[in-house]
Structure formats: C-alpha cells, structure tokens
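Inspection log for the structure reproduced underneath, given as structure tokens.
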Amino acid sequence: MARIGVFVCHCGLNIAGVVDVKKVAEELIKEKDVVYATTYTYMCSDPGQNLIREKIKEHRLDGVVIAACSPSMHEETFRNATRDLINPYRVEIANIREQDSWVHEGKDATEKAIKITKSLVEKVRGNYELEPIKIDVEKRALVIGGGIAGIQASLDIADAGYEVILVEKEPSIGGRMAQLSETFPTLDCSQCILTPKMVLAARHPNIKLLTYSEVTGVDGYVGNFKVRIKKKPRYIDVDKCTACGDCEDACIVVVPNEFDFGRKPRKAIYIPFPQAVPAAYVIDEQSCLGIAPLRCGECASVCEANAIDYDMQPEYIEEKVGAIVVATGYDLYDKNKLVEYGYGEDADIITSLEFERMLSASGPTQGKVIKPSNGKEAKKIVFVQCAGSRDKQHKPYCSSICCMYTAKHALLFKHHVKDGEAYVFYIDIRATGKNYEEFIARVMEEERINYIRGKPAKIYRQGDKIVVEGVDTLLGKSVKIEADLVVLAMAIVPKKDVKEIAKLLKVATDEHGFFKEAHPKLRPVEAVTRGIFFAGCGQAPKDIPASVAQASAAASKVIAMFSHDKLEKEPIVARFGDACTGCRTCFYICPFNAIQLDSNGKAYNIPALCEGCGVCVAACPVGNIKLPNYDDEQIKKMVEVVLE
Amino acid sequence: MSFEPKIVAFLCNWCAYAGADLAGVSRLKYPANIIPIRVLCSGRIDPEFILHAFRNGADGVFIGGCHPGDCHYIKGNYHARRRILLTKKLLKEMGINEKRLRLEWVSATEGRKFANVVSQFVEEIRQLGPLEAKK
Amino acid sequence: MKKKIAMYWGAGCGGCDVSLLGVHEKLLDLLGEVDIVFWPCAMDFKYEDLEKMEDGSIDIAFYNGAIRTSENEEIAKLLRKKAKMLVAYGSCATEGCVIGLANLYAREEIFDAIYLNNETTPDGKIPSHELPEFLPVLKTLDSVVKVDAFIPGCPPPKPVLEAALNALLNGKTDFLSNLALCDECPRRDSKPDKLEINEIKRWHSSNDDGRCFLAQGIICMGLATRAGCKAECITASIPCTGCMGGVDGLSGVSAMSAIASLINGEDEEKERKIIESIEDVVGTFFKYSAAKLLPYGRVKDES
C-alpha cells in the first residue's frame, strides 16, 4: 500500500485564477492510496518546499505528486528538495499550468487538472525507487588514426594525465597533413608545424604509439571497451633501427611510392617520408624478395644495427579502454569517375593532393611545377574546384576546403613560376574561416589569378596541351583554355575502410559514409554510442583548424569522462526478464546497440548503453522487457484514469 | 448537451510535450478535451495503448513525436510512424474511423502548431461523434 | 476414485473432439483414470442427464468451440454449474478462433451471405423456427462464464494436450509455456544479424529458402505466439499463424508492434507501401483472436 501525498500549487493566480485548486485537492484525497492532499500559493518557494517536507515526514509519505507547472520547470527542484526524505523517482509533477490553466478556462480547466493529477498518482503508484546507474571507467583512451586530429586528441588526453593508445594504420603518423606543402591562409610549411607534434606524440610518456597497426575488434561499452589491435609485421625492429638508410641503398626492388602518389620511386624497404615518426624503416612484404620462401637478404646484410627480422609475425594486442576517439581521416574521390574530365587518365590532369606533393620541397619534383607528361615547367595551369563535389552525379556535398587550398595552390604556383598563368574555375567561393576571405582577396587581386565562375564542361588533350572548355557564367561567354596542367580539387570522401570501422564500433555513418554525430548542432563530436567520439574528416570534410578544434573537443569530452571514477547515468533503462525467446526484434531495432544476445540467443541489455527510449519495450512480443516508471501497466492505468 | 470528445494524447518528452508547454507559455487556447500523458519517446507507444484507450472510452487518440530526423532517441519516431500506420489499418478493419488516431510531429518550438493541430483534431472528432466501441 | 470428466462441443469444427484421440496410446491411460459422464459427440448423453447431475459433481469439464448460439451459452453455464473445474479446450473456446473473424460482420450480413445471396441456396430463406438463437456476436467461453484453465491450439497440439491432461488430472493448471514459439523454432538459428523487412511476401507465392520466415519477409506469428506445439507448422514449412494465442496479451497486437518495427522505415513512402501491402490486418494478426479483439463485434463508426 502506497502512501501518496498530493500538493496542488496555486502559482499565485497563474493556476488558482483558473483552476479550482481546492476542488482538485478534495477530489484527489478520495483516490486510493492518497493519504494527504493540500494546496499552497507557491509550492516552489521555500515555505512551499518545507510544507512538502513536513508533510512527507508527518504522513510518512512514500510518493508525492505536485500539481504545478511543467516538469521541465521544477521537477528537479522538488526532487532535490526532498531527496533525503523520499526517492526522487517517487516524486512526480502533474502539469496543470502550461498544459491546463494557461490554455483552458473555467470548469474544463478544473476537470482537466483533476484528471491530469489523478494520472500522475497512478504513475507514482507504479514508480520504482531508482538510483543512478554507476559505470566503471577504465581511464585510458584509444585514438584511431594518427593524422593531425588523432595526434591532437592524443596529446590533449595524454597531457591531462591519462594513457592513450594511438593506432595508425600506416608505418608513420602524420596523415594527410604530412603530405601538404604549405597551409592556408598563413602559408606555414605544413611539415614544419606538424613534425614537432608528431615527435611530441611519439615521445609522450602517456602515449602508446602503435603504427602499422589496425583495430580488428571492439567489444564492451562506454568506460569498458575491449579493443583488439593487429600489429602488422614491419620486419624492422623500430627500437634498433637508426634510419641510416643503408638498407634502402642495398635493396634492389624499386616500386612507386604511396606518399607521392607513385610519382617518386621507393625501395621495398623504405621510410614513408623523411620526417616519419617513428623514424624507422619498414619492409613492404608485397614487393620484398626476401620474405619467405626465397631469401634475398641484401638489406639485412648491410644493417649494422641488426634491426631487420624477416621472421616477424603479426602481433595481436588486446587493450582495455574507457573511451575511443575516431579520427580516420579522408581520401579523395576517385578521379576515374569524372567522365567529363577525361577520367583523369591523362598524366597532365592531376589531383589537388598530387599538386601538393609537387609543390613540396621534399616532393618528387623538389617543388618544381612541371608537366608530368614531359617534365617541362608548367606555365599555364587550370584549377578546377568542386571536382566531384556539389554535384549530384558524384557527391552532392561541399568538400569545404577546396576553395581555400585552390587559392593557395594558385598563389604558390605564381610564386614558383613567376611568369605563370593560373585560371580557377569555381561555382562560388566559400571562405568562411578566420582571415580566409582576406586570403582569397589577396590571391584574386594581388596575384592576378583569373577566377572564372563556372564549371568546365569538357577537359581533353590536344597535342601538347590540355584543353579546358567551359562557360564564364558572369560574362556569359564560353571559355577555352589551353593549359599545361590541370589540377582537380577532388571531393573529399571518407576512408575506404570506414564502413568496417563503423561496424566494429557499432556507430552509424551518414548517406555519404561519414561518421554520424549524435546531434548535428549540440553533440557534434560524440557518437550516439556513448564513449565514442569523432575528430577530423572522418566525420565531415573540414580544414586543419577545424580538425584540431574538433580533436580538442573530443579530447575534452574524454577528459571530462575520465575525471570521474564512475560514470553516472539516468536509471530509467529497459529491464529484461527471463522469458526471452530469442526472436531478436529488440536486438534488431535498438537505436543504441545496447542489446546483445547471450550464448543461447536470448537478449539482454547493457544498462550503461540503454537510453530508456522504450522502443524495444513496445516491440517485445512477449512482454519480457519493462521500462521502470514508464511501464505498460502504469501507462494503461493512466489512460483509464484520464478517460473516467 | 453537445458532445464533448474524450481524447488521450501521448506526447513525447522531448518535442511534443515541450511544444505543448510552449503553447501554454504563449497562452494559446485550445479545447480541454485532450488529456496529455507524457512518455519518453513516441517509440514507446505500443499499439496496445491505443486500443486500450479506445476500449476505455476514448473518442480519439493523439500522438505527438519529434519531427523525422530530430528524435532524441534517433529513430523512435520512425517506429511510432510505422506502428501507427499499421494500427490505423487495423482500426479501419475493426470499423473504427482511422481519423480517430492521429500522429503529428511537433517540435519544442512549435507551440502554435500544437495548439492548432489539437484544436483541429478535437473539432474533427466532434464531427465524427462519439465512438461506441463497446456496442 | 476415478475423476469424472465431461467434454462438450460448442461452436467449432469438431477438430477438438478428434484431437483428444490424437494422444494415441495415452488415451488408454486416460480412460483408466477417468469416468466420462458427458460427451455428446462420442456417446449418447442428453442435456437432461447433465441437468440431473448434482452441482459440482463433475471434476473437469472440457468445453471446446466458441459461443455462437444461445444453446452454446446455456450449456456453458450449465457445465460451469455442474463442474468443479471448467476448461476451455482449444482455440475457439479460448480466443474464438477462425470463426471469430465473423465478428467483423453483423449477424444480418452473415445470414445474408449464407442463406440469401449465396449461389448454392438459390431460394434462400433464413431459418427461423425451433432453433437456438444465433447470437449477435461470437463470444469466447470466458466472456460467458468463469474459466479455470485454457488449453489453446487449433486443435490443441499433442504435446500441449498431454501436458494439460497430465496437469489437470493432478489438480494443476500451470501447464503452459511462458515462452514464444521462436524459442523452439527449428529455424531459430537462421535469424540474421540484421533484419529489415523491405517487402511483405505471401507465403504461398514465395519460395521458402528455409530461413526464419520474417527474414524472408513472410509474416510469421511465432515471435508472439505461445510455444509448446514443438513448431509443427514450421517443421512443415508453414509460418506460424498464431493458434496457440499470445504470451503477453493478444498475440496480434504484440506481433503488429514488433513486425512494424522491423519494416524498413528509412523512406516514408516506401514504408507506407510495405505496410499497405499487408492485406487483411485482422486476418493476418488476429486469425484466432478476432473475437477477443472485437468482443462486441465490428465497431459501427462509418461516418
């Protein structure tokens, strides 16, 4: 038998001016289990709160309904005010102001107030006493991806004193930023600002760096993830390797390198780029002659440090972490898909990233801008923005950074080739960052770059030249430019393996394959799945400052999480009984992947992940799932009461 | 005496309930026939609740959820939409006018929309007359 | 002392009476334990024999069939009086069964279809004299009298019946499984890791690939229907239609909520089309429980 008290608030005249509050109290005292009912001018005032406290003690109340304003106003106030006397979940608010006295009049309003209050009495009758759910937190973080976003997130978390495992798929961290020449709008040398951070990350006592490694499995949930990582065999002992380069000289296998998009050769034993971190060689087992069964052994024979080990096997590591930052980065859209631009097959039609390498002093041409087809200096370049972006045939979204880097490209080109001529085809210019518009203006005005508003209709080779045909939509004139080189500002797309990672992490991706944040405005760095955060271009195309900011934001979320020994969460979560028959309906539909199947195929949930929406409760065909304080029986009783 | 419809409204906590609150804050009058029951998500609503309401004398059932894409629980409103679509089909076969069950997306900023759709709904049910599911 | 039992056939097909023979050799054991005091279908008992019995003198009365006529109702009440324990035997008595679908129509419409506008009865007339009244709606046994136990199934499957008889003769009533059919379904392991219904297929016009029917887009009531039948239908490649009734309320409502949730809802138009393609919602989800869904018949709300 419950002992419920009902407290009807006048809210001055806000309620009492319309609703006959006395009558509400009189009607409610007649209800089963209601042992006390009263009214008061302002329940939320100190004397009002004290009145409730006194009556709870006096009448030994184990349930309270306060008929007042919306629960969004004072539910917390009243629950906190009585917390030491009564479990907060046994205190409910009947909203007779916003949803009654302010919108209705006279007798109707009083009758409705009675019904609403009665329905909350029914609810309280069925409410459980609940305590917040406490979740253990393993105060270590996993960061997937060692580009600038992953590095920044790792550094921030590590600086806060927590251990970080930074996993990078490639032999070196650095990511895309390492490939860039200079960065807009300040024209800092990309390597120069990135390298110190790479070294910091590698040397940080709290960061465990795992390069040439991939995450192959993720189990568990927020605070308690179990991660399996595969360390691919590098065939080099990183600790012994001094990066002297003798092995490289000895190696007889020459293949195109990845870092420069094949525009420079490398050996089968190589270092991805001079500033690589870790500064150690790696053997590409695909092209090496020395890995079993046939041994070449040239490199090992010259390695004084004895760092080469052909028998190295993949290593599988298991780590326990409390939070995961996903910073997997981006690829460029496949230029072969751009039919209208000659499928990008021509050597003199290159992508923006290839151009970055060309501009780089350490790149394949040592910074000389050339026509790849004949090696001669390129005098006339056409830059094509939105190559694959903002195009329903390809990618409908804006890749966000192309306007800026194209302006940078044009400017750097003019610096490299003083008598060069540059044309930029654009749809419109999006320069919204700090000092971006000024940068564009400078490029357009001072550098005398020809901006042509329009998209090229056709790009094709004619003899020695690449012809770009299009329309200048501002002048309404067709344009035909015979260029030496065409640079396509390719659309940014998520990394190829993003789907697999999303599956491992059980996080959603959007229609374009980018990771989907929990809320586009208010929770832009969090995954819906608790404990997983996003940073960088894996979530959406963005530039370096935005990537760094998002990485720090993700890190701060992780740090905030780690600042508690236990996580607390709302205890209204689905409860599973023992009558599950394994139909899997709940498992299929849970929006939070909170439901798992045991070895007998029966469903259970992880309270730490459950958000309490009740979608599974309504779907369970055998009534095996209950949502405390919003249970079927309670809701049905409430329905009956309001229809009396 | 004129017919006063009895209507149960299941409102999701995050959008429709907040929208109804805003209607109150904005003092937008609407008929008192509709009695709200707050649930956390429209996806919590079991077709059984709807049938239960009709069996217990409701002349109409109103369900308010978040707009598509805005669900606080990501997909709950889609579950509501599907279930209600199927329930409407069932009601029709049972002989109950499907207009007696109404699903509306009401955001927390749509106080006016809440007041409007509820007023319309009450009027519509008034026109339909009492539902005598027990006869 | 041998238990006195009675068996009565109300509005139903007779399959329930036959199902009792389905326990095969167990029937001999049963007959050794009981005295049959009333079973009009098998032996020549008259109603007056029943009336003459002392109240409460029958130990267990099994009532199969639904309540469709005043006679059904009268005997149900009489049996209730004479029996210590009244058991609803089979789906008709429990939930109204297939004949409960008649509650989608008014009595007049039913008569019209059977006696008047029917090709096989050209000069049809509605029979009127000396017949029990055809009630306005079909009722389940428990809507007329208090029922002590229910043996669901159309007819009760052998394993259910054996368990029920065994329990009831020992004075127990807890013989039903609390699980749904998926639990004992031979196709359970074929459930995929992800399931989204993109098309509703009719069983008779689809090629059964041997997987979980729902995964094939074929509506199967197994997820909401009480287990115990050992999935006889599924074993014969037929999806469950729900004769064993629900585990949690009406199986139809539960199944509707669950199956609707499994429908692909990314695109509203597509979702609408899939749901529209479910023909006959009552017949699909409430094939055996329409009388429970519509205890007062079809609602008159055409406006």
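Numerical summary
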item	result
Index of the failed condition, B:Ile63 passing every other in (1) touching a helix residue (DSSP H, G or I) at 6+ places or on another chain (Cβ under 9 Å); (2) in a helix (DSSP H, G or I); (3) surrounded by 19 or more Cβ atoms within 10 Å (Cβ to Cβ)	(2)
The lone exception for C:Ile218 - which of (1) over 29 Å from C:Leu138 (Cα atoms); (2) out of contact with any Lys or Arg (no Cβ under 6 Å at 6 or more places or on another chain); (3) open to solvent by less than 10 Å² (accessible area, probe 1.4 Å) it fails	(2)
Residues that are aliphatic (A, V, I, L, M) and either in contact with a Lys or Arg (Cβ under 9 Å, 6 or more places away or on another chain) or not in a helix (DSSP H, G or I) (or both), drawn from the range A:505-525	A:Val507, A:Ala508, A:Ala518, A:Leu522, A:Val525
Residue identified as open to solvent by less than 70 Å² (accessible area, probe 1.4 Å), assigned to a strand (DSSP E or B) and under 19 Å from A:Glu377 (Cβ atoms) among A:Ile466, A:Ile452	A:Ile466
Restricting the range A:399-427 to residues that are open to solvent by 50 Å² or more (accessible area, probe 1.4 Å) and in contact (Cβ under 8 Å) with a residue 12 or more places away in the chain, the residue that is farthest from A:Ile449 (Cα to Cα)	A:Ser400
Matching residues in the range B:28-59 - criterion: being part of a helix (DSSP H, G or I) and either on the phi > 0 side of the Ramachandran plot or of a type outside the set (Phe, Trp, Tyr) (or both)	B:Ser42, B:Gly43, B:Arg44, B:Pro47, B:Glu48, B:Ile50, B:Leu51, B:His52, B:Ala53, B:Arg55
Filtered residues of the range B:55-69 (kept if facing chain A (nearest Cβ under 10 Å) and either among the hydroxyl-bearing types (Ser, Thr, Tyr) or more than 16 Å from A:Glu633 (Cα to Cα) (or both))	B:Gly57, B:Ala58, B:Asp59, B:Val61, B:Gly69
Top-ranked residue of the range B:5-27 - restricted to ones that are outside any strand (DSSP E or B) and more than 9 Å from chain A (Cβ to nearest Cβ), ranked as nearest to A:Ile15 (Cα to Cα)	B:Gly19
Filtered residues of the range C:1-45 (kept if free of Cβ contacts under 8 Å to residues at least 60 places away in the same chain, outside any loop (DSSP other than H, G, I, E, B) and surrounded by 14 or more Cβ atoms within 10 Å (Cβ to Cβ))	C:Lys4, C:Ile5, C:Trp9, C:Asp17, C:Ile36, C:Val37, C:Phe38
Elements of type strands (runs of 3 or more DSSP E) contained in the range A:137-230, each with 3 or more residues being open to solvent by less than 30 Å² (accessible area, probe 1.4 Å)	A:140-144, A:163-167, A:213-221
Matching residues, the range C:169-191, being farther than 23 Å from C:Ser251 by Cβ and touching a residue at least 12 places away in the same chain (Cβ under 8 Å)	C:Leu169
Residue match in the range C:109-118 (condition: of a type in the set (Phe, Trp, Tyr) and within 30 Å of C:Lys26 (Cα to Cα))	no
Exclusive hit being over 24 Å from A:Phe592 (Cα atoms) and charged (D, E, K, R), set B:Arg112, B:Arg38, B:Arg44, B:Arg81	B:Arg112
Top-ranked residue in the range A:588-621 [being more than 25 Å from the chain's Cα centre (by Cα) and within 14 Å of chain B (Cβ to nearest Cβ); ranked as surrounded by the fewest Cβ atoms within 10 Å (Cβ to Cβ)]	A:Val617
Count - residues of the range B:80-133 that are among the acidic types (Asp, Glu), within 26 Å of B:Asp70 (Cβ to Cβ) and either buried (at least 23 other Cβ atoms within 10 Å of the Cβ) or within 11 Å of chain C (Cβ to nearest Cβ) (or both)	2
The listed residue being crowded, with 20+ Cβ neighbours inside 10 Å and within 13 Å of chain A (Cβ to nearest Cβ), out of C:Leu161, C:Leu223	C:Leu223
Members of the range A:102-125 found to be more than 23 Å from B:Val118 (Cβ to Cβ) and either within 7 Å of chain B (Cβ to nearest Cβ) or open to solvent by 10 Å² or more (accessible area, probe 1.4 Å) (or both), listed by number	A:Arg125
Options A:Ala549, A:Ala535, A:Ala489: the member that is under 22 Å from A:Gly433 (Cα atoms) and surrounded by fewer than 23 Cβ atoms within 10 Å (Cβ to Cβ)	A:Ala549
Qualifying strands (runs of 3 or more DSSP E) (wholly inside the range A:251-324; at least 3 residues being in contact (Cβ under 8 Å) with a residue 12 or more places away in the chain and either surrounded by 15 or more Cβ atoms within 10 Å (Cβ to Cβ) or of a type outside the set (A, V, I, L, M, F, W, C) (or both))	A:315-321
Residue that is most open to solvent (accessible area, probe 1.4 Å) [pool: residues in the range C:245-299 that are more than 21 Å from C:Ser143 (Cα to Cα) and part of a loop (DSSP other than H, G, I, E, B)]	C:Glu266
Of all residues in the range A:306-362 being more than 24 Å from the chain's Cα centre (by Cα) and of a type in the set (Lys, Arg), the one that is farthest from A:Ala410 (Cα to Cα)	A:Lys337
Residue list for the range A:500-511, filter: touching a strand residue (DSSP E or B) at 6+ places or on another chain (Cβ under 7 Å) and surrounded by fewer than 17 Cβ atoms within 10 Å (Cβ to Cβ)	none
Unmet criterion (only one of (1) among the basic types (Lys, Arg); (2) in a helix (DSSP H, G or I); (3) open to solvent by 60 Å² or more (accessible area, probe 1.4 Å)) for C:Arg80	(3)
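Let's see how each residue does on (1) under 26 Å from C:Ile263 (Cβ atoms); (2) modelled with pLDDT of 95 or more:
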| residue | (1), (2) |
| --- | --- |
| A:Pro545 | no, yes |
| A:Gln550 | no, yes |
| A:Ala553 | no, yes |
| A:Ala560 | no, yes |
| A:Ser563 | no, yes |
| A:Glu570 | no, no |
| A:Ala574 | yes, yes |
| A:Cys580 | yes, yes |
| A:Phe587 | yes, yes |
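Matching residues to (1) in a loop (DSSP other than H, G, I, E, B); (2) under 12 Å from A:Val487 (Cα atoms):
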{"position": "A:Ile381", "(1), (2)": "no, yes"}
{"position": "A:His394", "(1), (2)": "yes, no"}
{"position": "A:Leu412", "(1), (2)": "no, no"}
{"position": "A:Asp419", "(1), (2)": "yes, no"}
{"position": "A:Phe425", "(1), (2)": "no, yes"}
{"position": "A:Arg430", "(1), (2)": "yes, no"}
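So that you can scan it fast, the table gives a plain yes or no per residue for (1) out of contact with any Asp or Glu (no Cβ under 7 Å at 6 or more places or on another chain); (2) in the same structural domain as A:Val558 (by TED's automatic domain parsing):
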position: A:Asn87; (1), (2): no, no
position: A:Ile96; (1), (2): yes, no
position: A:Ser101; (1), (2): yes, no
position: A:Ala109; (1), (2): no, no
position: A:Lys123; (1), (2): no, no
position: A:Lys139; (1), (2): yes, yes
position: A:Gly150; (1), (2): yes, yes
position: A:Asp159; (1), (2): yes, yes
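The values are calculated or read from the model by the stated rules, or taken from the named source; none is laboratory data. Model, not experiment: these values are computed from the prediction. Cβ sites come from the backbone with ideal geometry, for glycine too, and all protein chains shown count toward neighbours. Calculation scope for accessible area: heavy atoms of the full protein, side chains included, ligands and nucleic acids excluded. Shrake-Rupley method; radii C 1.70, N 1.55, O 1.52, S 1.80 Å.
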